[in-house]
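Everything below concerns the one structure shown next.
The values are calculated or read from the model by the stated rules, or taken from the named source; none is laboratory data. Here the structure is a predicted model, which is why all the values come from computation and not from measurement. Here the Cβ positions follow ideal geometry from the backbone for every residue, glycine too, while neighbour counts run over all protein chains shown.
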There are 2 protein chains.
Amino acid sequence: MAADLDRPVVRAGPITSWAVGGMPEVTSGSDLGQLAMEPLTSSGGLRPWDVVVVTHKVVSKAEGRVFSLTDYEPGPEALALAQELGQEPAMVEAVLRESRRVVRAESGVLITETEHGLVCANSGVDRSNVGGGDWITCLPLDPDGSAERLRQQWLPLAAGGPLGVLISDTFGRPFREGSVNIAIGVAGMPALSDYRGLHDPQGYELHASTIGTADEIASLGELLMGKVDGLPLAVVRGLTWSGREEGSAPLLRQPDRDIFRR
Amino acid sequence: MAADLDRPVVRAGPITSWAVGGMPEVTSGSDLGQLAMEPLTSSGGLRPWDVVVVTHKVVSKAEGRVFSLTDYEPGPEALALAQELGQEPAMVEAVLRESRRVVRAESGVLITETEHGLVCANSGVDRSNVGGGDWITCLPLDPDGSAERLRQQWLPLAAGGPLGVLISDTFGRPFREGSVNIAIGVAGMPALSDYRGLHDPQGYELHASTIGTADEIASLGELLMGKVDGLPLAVVRGLTWSGREEGSAPLLRQPDRDIFRR
């Protein structure tokens, strides 16, 4: 493995981690990276090999991905789906505009594949933590790019890095109750750990062992940030990594490899 | 929320966490709880509100859930499925005996629903970390019971608790590449956090906000324990919780609520 510098692997020693308090309100056009500098510094600072997890909600807000449902005129597909699902037509219209494909529409649930290739409820369009009323947030257009821009801004705080930045969202999942956070944007680190072809301590080859480490780190971020406390950032310390950095793409299963999307 | 003592919620302050080193080899009949006492103590001890994550593999071994494929005589269903999938007939027989239903069998992948109600590849039957050759491990018969027995054994180390114990396994998932750890056994803490009916900081009700916190903690365990280091336990410190404890059952989506199992 020593010679395999391209193999993406995230390793951990003891991990310490915390939510970042004191973030000011983020609105459309806010310089999120700049706004977070002081809170990041005063909550424990950043060091090389830290990972910052950022909820997509503040990224979406800063990037102006906040819209009013009153601006969506539902088309025929949205009207039909809304009636079938018992949902608001303008909301369904917003969801469809953020999607490239409907994966499931039944039992009141609309699962779509977004332009990014994410499969999730309502294309990630969400009404919570955005002021109530008719306001919605949509996912960032380019979460990997958003993560990379924040990483560039925060690198000086981490003595030049390495520094990982993950943009997270809360996704439901088939088979299990309870949503978990996953990484929709990844910068500065590999998204997956790839152990294929390696061997366990007894010498047995580990089959099919790719681990969604960025999703696992995002899930730790959810534990730290919670759902009702308005804490949009967390810092995870104790990881190291090597190998290719390819954004969040390695986490996206391609439809032709996905037996649950057919 | 103060009056709602039944509502399950897991909260976090800063989290510190580490893998437990120095575990002796676990074999069939080992007293896993007893074997782990010294390693747990010397790696940082336990305190009230700690959560210990245990990979199911050592639980399966200690409980004698290790078998040889040579003891499985493939029946007609296993032979047919094995041919269709390009898998070993004895392995498919073992998987079927651990399942109550085949969810998907295609593209070389066998997804089943286990007797516990878990949906996963190969009923959790696994050949890694078990000595190679024809040996397999099957999931513990009652992971919640296993977790509770370990919790009882370890409570004195944690000054009487509260103490959470999670039994984890590594599961693939639809839509996303990379497996993540989830909690197949839960004791001493709620498996889900239920925010339904609560409000975000702007007063908007959080819809459908149940979070699979035990799975997120198990995922942190995966980061700490890795796949090739033979570290079967991790300790997570910094959580608190309240509300009903019902084992891992709240994490299992019932088939009639699951649009991807029909």
| query | Is it the case that some residue within region A:105-120 is at pLDDT 95 or above, in contact with a Leu (Cβ under 7 Å, 6 or more places away or on another chain), assigned to a strand (DSSP E or B) and of a type in the set (Ser, Thr, Tyr)? | reply | yes
| task | Please determine, by comparing only the residues of region A:116-173 that are of a type in the set (Lys, Arg) and under 30 Å from A:Ser242 (Cβ atoms), which one is nearest to the other protein chains (Cβ to nearest Cβ). | result | A:Arg173
| query | How about region B:232-250: which of its residues are over 12 Å from B:Ser168 (Cβ atoms) and either buried (at least 20 other Cβ atoms within 10 Å of the Cβ) or over 18 Å from the mean Cα position of the chain (by Cα) (or both)? | reply | B:Val235, B:Arg237, B:Gly238, B:Leu239, B:Thr240, B:Trp241, B:Ser242, B:Gly243, B:Arg244, B:Gly247, B:Pro250
| query | What residue, of B:Ala12, B:Ala2, B:Ala78, B:Ala90, is more than 23 Å from the chain's Cα centre (by Cα) and modelled with pLDDT under 95? | reply | B:Ala2
| region A:23-36 residues that are more than 17 Å from A:Pro143 (Cα to Cα), paired with ones that are in a loop (DSSP other than H, G, I, E, B) (beta carbon under 6 Å, 6 or more apart) | A:Met23/A:Pro232; A:Leu35/A:Pro24
| query | When region A:175-198 is examined, which residues are found to be within 7 Å of chain B (Cβ to nearest Cβ) and either among the charged types (D, E, K, R) or in a loop (DSSP other than H, G, I, E, B) (or both)? | reply | A:Phe175, A:Arg176, A:Glu177, A:Leu192, A:Tyr195, A:Leu198
| (1) within 14 Å of chain B (Cβ to nearest Cβ); (2) of a type in the set (Gly, Ala, Ser); (3) over 28 Å from B:Gly178 (Cα atoms): which one isn't true of A:Gly33, the others all being true? | (1)
| said: Every residue in region A:36-75 that is over 22 Å from the mean Cα position of the chain (by Cα) and of a type in the set (A, V, I, L, M, F, W, C), please. | reply: A:Leu69
| note | Scanning region B:36-73 residue by residue, the ones that are touching a Leu at 6+ places or on another chain (Cβ under 7 Å) and polar (S, T, N, Q) total 2
| remark: Of B:Val54, B:Val10, the only residue that is more than 14 Å from every other protein chain (Cβ to nearest Cβ), assigned to a strand (DSSP E or B) and closer than 20 Å to B:Arg151 by Cβ is B:Val54
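A quick yes/no check of all residues on (1) under 22 Å from A:Arg261 (Cα atoms); (2) surrounded by 15 or more Cβ atoms within 10 Å (Cβ to Cβ):
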position: A:Arg65; (1), (2): no, yes
position: A:Pro76; (1), (2): no, no
position: A:Gln87; (1), (2): no, yes
position: A:Glu106; (1), (2): yes, no
position: A:Ile111; (1), (2): yes, yes
position: A:Thr114; (1), (2): yes, yes
| request: For A:Asp31, state whether it is acidic (Asp, Glu) and within 26 Å of B:Gly238 (Cβ to Cβ). | output: no
| message | Condition check: within 14 Å of another protein chain (Cβ to nearest Cβ) and in contact with a helix residue (DSSP H, G or I) (Cβ under 6 Å, 6 or more places away or on another chain). Does A:Val59 satisfy that? | response | no
| Within the set of pairs 6 or more residues apart or between chains, which connect a residue that is among the polar types (S, T, N, Q) inside region B:76-97 to a residue that is assigned to a helix (DSSP H, G or I) with Cβ atoms less than 9 Å apart? | B:Gln83/B:Pro89; B:Gln87/B:Leu81; B:Gln87/B:Val95; B:Gln87/B:Asn122
| Do we find a residue being part of a strand (DSSP E or B), in the same structural domain as B:Asn181 (by TED's automatic domain parsing), closer than 26 Å to B:Gly178 by Cβ and not β-branched (Val, Ile, Thr) anywhere in region B:18-27? | yes
| request: With the checklist (1) of a type outside the set (Gly, Ala, Ser); (2) in the same structural domain as B:Val235 (by TED's automatic domain parsing); (3) part of a helix (DSSP H, G or I) in hand, flag the one item B:Arg47 doesn't pass. | output: (3)
| task | For region A:208-243, enumerate the residues that are more than 18 Å from A:Lys57 (Cβ to Cβ), part of a loop (DSSP other than H, G, I, E, B) and within 8 Å of chain B (Cβ to nearest Cβ). | result | A:Ala208, A:Ser209, A:Gly212
